[in-house]
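K.L.:
For reference, the structure I am asking about is given below.
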RNA sequence: GCGGAAAUAGCUCAGCUGGUAGAGCAUCAGUUUCCCAAACUGAAGGCCGCGGGUUCGAAUCCCGUUUUCCGCUCCA
């Protein structure tokens, strides 16, 4: 990371805090690792990003509908999805090589070696002890066995081991007031499963025909081993996901379509295309037959913002198996090749999944600019967030030029007329220039100033954030001028 | 998790070899009425991240801890 981009990232983080976008969680208690809160401006920007996504995905597509499923779900769902078994291994690190191993695998290797050397007694005994320790989830005992049997790291050759730790990315809690009777339940590590387990409910109640999609915005939780780089990797985060159910065999085509559609959504905000790239997964997850990430060029390098995955029928088939409920869809459409309906099948799924918090961060980074306005006479600069007007937390600020002569009253009157439609701010403190700069810092696209002339002819000046230029307009036109600029039509039409 | 660095006012930071906390900006109240920051007067704001130790005395030295950043690792 170069010095200037490092600086940029730091400045964005301080700016986010100073202007009420993002605060560290529980800050007065020293914070909580990798958890953040959104402040008064942050929540507006975040809500606007959600609206943009929801409108683009749900409202603009007749065959995509929304869903809001619960965070708590039946524990078996996570067995079916592979989250329970796939990520609950006892791990141990070697401090010298800094490599991480599965503790049970190291012991298995040792057992195999004992067998090979003809020390079957030792092999059997170790096998029993290891099985007992695993069954009892006795992690310290696993470490003792590794030490006792003098297992060395194949890389460093040393026996400088850390503690054995259980890695499970899922947070768990108890359901039911009495802990003894309670079932262990998990906070969802992804929102996708809520869609899969409801897909037939939605399909039947909404009379959906394949292909169709279900979209959801919601919180997910992952107990990351390490979480860093501000809001890039958080333990509690928000996803915007859409699962698109298609006829088997057509997944490639839909995958490509969504891959393109989703990138366009990003670029519509005005970001330079060079800031984005696709990244193809070569090592595919257990559920996928194709996977691309949309990556953004953050100050610390390209990082995933959104994933487009072809999940096959893995999830639905797994749920059919675990729940013993049929997950099939009857497709009445006639197959031109056979002349018969396509009939019953488990649909294939294309997933688009975007990290809202990452989207938020990249929006801030993109918008943030420290602009040098110096002239020969005077040094000057301003910090401006060049947010798309649709995304700006505050759409317009209304100022009386001075706070007497009836100007504040007039300004309030104009504000009252507009505040039903737009999120506005009123300010009368400090010199007018200072107020303009304050609004620049939170990305407000318009500042409306009421002056003495307003009292005579009802005109005001409207000052534009990006150009700093001013125009005098009739106050009756404000509704339309602001409305046109902040309309979702600019992004969706 | 390993290694490195850091934590002092809302923000950016100063505070020397230990002697009881400071600036700029921001904030608040007033003055000014000036259409693009930093005009004038005044005010508020800090358990110097937290806990322990050394010392007559710790923001400063030592230990622990938490949080953050960087590199490696991990990312089903």
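K.L.:
Can you give me the Cα centroid spacing of the stretch A:415-450 and the stretch A:346-400 in angstrom?
P.N.:
Result: 17 Å between the Cα centres.
K.L.:
For the stretch A:439-480, how big is the tail of P(r) above 11 Å, as a whole percent of Cα pairs?
P.N.:
On the way: 546 of 861 pairs.
Percentage above 11 Å: 63.
K.L.:
Which whole-percent values make up P(r) of the stretch A:231-277 when all C-alpha to C-alpha distances are grouped in 10 Å steps starting at zero?
P.N.:
Values per bin, smallest distances first: 19, 35, 36, 9.
K.L.:
Right, something else. Normalising by the residue count of chain A, find the relative contact order in percent from Cα pairs under 8 Å and 6+ residues apart. Please report the intermediate quantities before stating the final value.
P.N.:
Working: 827 pairs, mean separation 63.3, N = 493.
For chain A, the relative contact order is 13 percent.
K.L.:
Right, another one. Considering Cα pairs under 8 angstrom that are at least six residues apart, work out the relative contact order of the stretch A:349-493 and quote it in whole percent. Mind showing how you got there, number by number?
P.N.:
Working: 216 pairs, mean separation 31.6, N = 145.
The value is 22 percent.
K.L.:
With each pseudo-label sitting 7 Å past Cα toward Cβ, what's the residue A:405-residue A:113 distance in nm, one decimal?
P.N.:
8.9 nm
K.L.:
Which whole number of Å³ per residue matches the convex hull of the alpha-carbon atoms in the stretch A:199-279?
P.N.:
Values: hull volume 13.4 nm³, N = 81.
Given the Cα convex hull of the stretch A:199-279, per-residue volume reads 165 Å³.
K.L.:
When averaged across all projection directions, what area in nm² does the alpha-carbon convex hull of the stretch A:316-437 cover?
P.N.:
Numbers: hull surface 67.3 nm².
Mean shadow area of the hull around the Cα atoms is 16.8 nm².
K.L.:
For helix A:407-418, what angle does its Cα long axis make with the longest principal axis of chain A, in degrees from 0 to 90 and rounded to 10?
P.N.:
Here the helix axis deviates by roughly 50 degrees.
K.L.:
Specify whether the C-alpha gyration tensor of the stretch A:240-339 places it in the rounded, prolate or oblate class, a ≥ b ≥ c being the square roots of the eigenvalues: rounded for a/c under 1.5, otherwise prolate if a/b is larger than b/c and oblate if not.
P.N.:
prolate
K.L.:
Using alpha-carbon pairs under 8 Å, 6+ residues apart, how would you state the relative contact order of the stretch A:229-388 in percent? Don't jump to the answer; show the numbers that get you there.
P.N.:
Working: 248 pairs, mean separation 42.2, N = 160.
Computed value for the stretch A:229-388: 26 percent relative contact order.
K.L.:
While we're here: Can you give the angle from 0 to 90° between the axis of helix A:3-18 and the longest principal axis of chain A, with both taken from C-alpha atoms, to the nearest 10?
P.N.:
70 degrees
K.L.:
Run a plain Debye calculation on the stretch A:169-305 (Cα atoms as equal point scatterers, no solvent) and give log10 I(q)/I(0) at q = 0.19, 0.21 Å⁻¹, rounded to two decimals, same order as the q list.
P.N.:
-1.38, -1.49
K.L.:
Which of rounded, prolate or oblate describes the stretch A:317-373 when judged by the alpha-carbon gyration tensor and an a/c cut-off of 1.5? Kindly include the intermediate steps, with their values, before the conclusion.
P.N.:
Numbers: a/c = 8.44, a/b = 2.57, b/c = 3.29.
Oblate.
K.L.:
Using helices alone, what [θ] at 222 nm do you get for chain A, with -39,500 (n - 2.57) per DSSP H run of 4 or more residues, divided over all residues and rounded to the nearest 500?
P.N.:
Values: 17 runs with 174 residues, N = 493.
Computed mean residue ellipticity for chain A: -10500 deg cm²/dmol.
K.L.:
Taking one equal scatterer on every alpha-carbon of the stretch A:366-493, how large is log10 of I(q)/I(0) by Debye at q = 0.11 1/Å?
P.N.:
Listed by q, the Debye log ratios stand at -0.38.
K.L.:
Could you compute how fast the stretch A:384-452 diffuses translationally, taking Rh as the Kirkwood radius over C-alpha pairs and applying Stokes-Einstein at 10 °C with viscosity 1.306 mPa s? Give it in µm² per second. Each step should come with its number before you reach the end.
P.N.:
Working: Rh = 12.1 Å.
Translational D for this selection: 131 µm²/s.
K.L.:
Okay, moving on. Ratio of alpha-carbon Rg to the 2.2 N^0.38 Å globular estimate for the stretch A:5-56, to two decimals, please.
P.N.:
Values: Rg = 13.0 Å, N = 52, 2.2 N^0.38 = 9.9 Å.
Computed over Cα atoms of the stretch A:5-56, the ratio equals 1.31.
K.L.:
By how many degrees, 0 to 90 and rounded to 10, does the Cα axis of helix A:139-148 deviate from the longest principal axis of chain A?
P.N.:
50 degrees
K.L.:
At what distance in nm do the modelled label points of residue A:285 and residue A:421 sit from each other, each positioned 7 Å from its Cα along Cα→Cβ?
P.N.:
Going from the residue A:285 label point to the residue A:421 one covers 4.3 nm.
K.L.:
Moving on to the next point. Calculate the tail of P(r) for chain A: the fraction of all Cα-Cα distances greater than 29 Å, expressed in %. Walk me through the numbers on the way to the answer.
P.N.:
Values: 76032 of 121278 pairs.
The answer is 63 percent, as a whole percent.
K.L.:
Arranged by the count of other C-beta atoms within 10 angstrom, fewest first, what order do A:175, A:57, A:73, A:130 take?
P.N.:
Details: A:175 11, A:57 25, A:73 17, A:130 22.
Sorted ascending by nearby Cβ count, the order is A:175, A:73, A:130, A:57.
Since every read-out is calculated from the coordinates, none of them should be taken as a lab result. Computed from a predicted model, the values in this text were never measured in an experiment. Neighbour counts run over all protein chains shown; Cβ positions are idealised from the backbone, glycine included.
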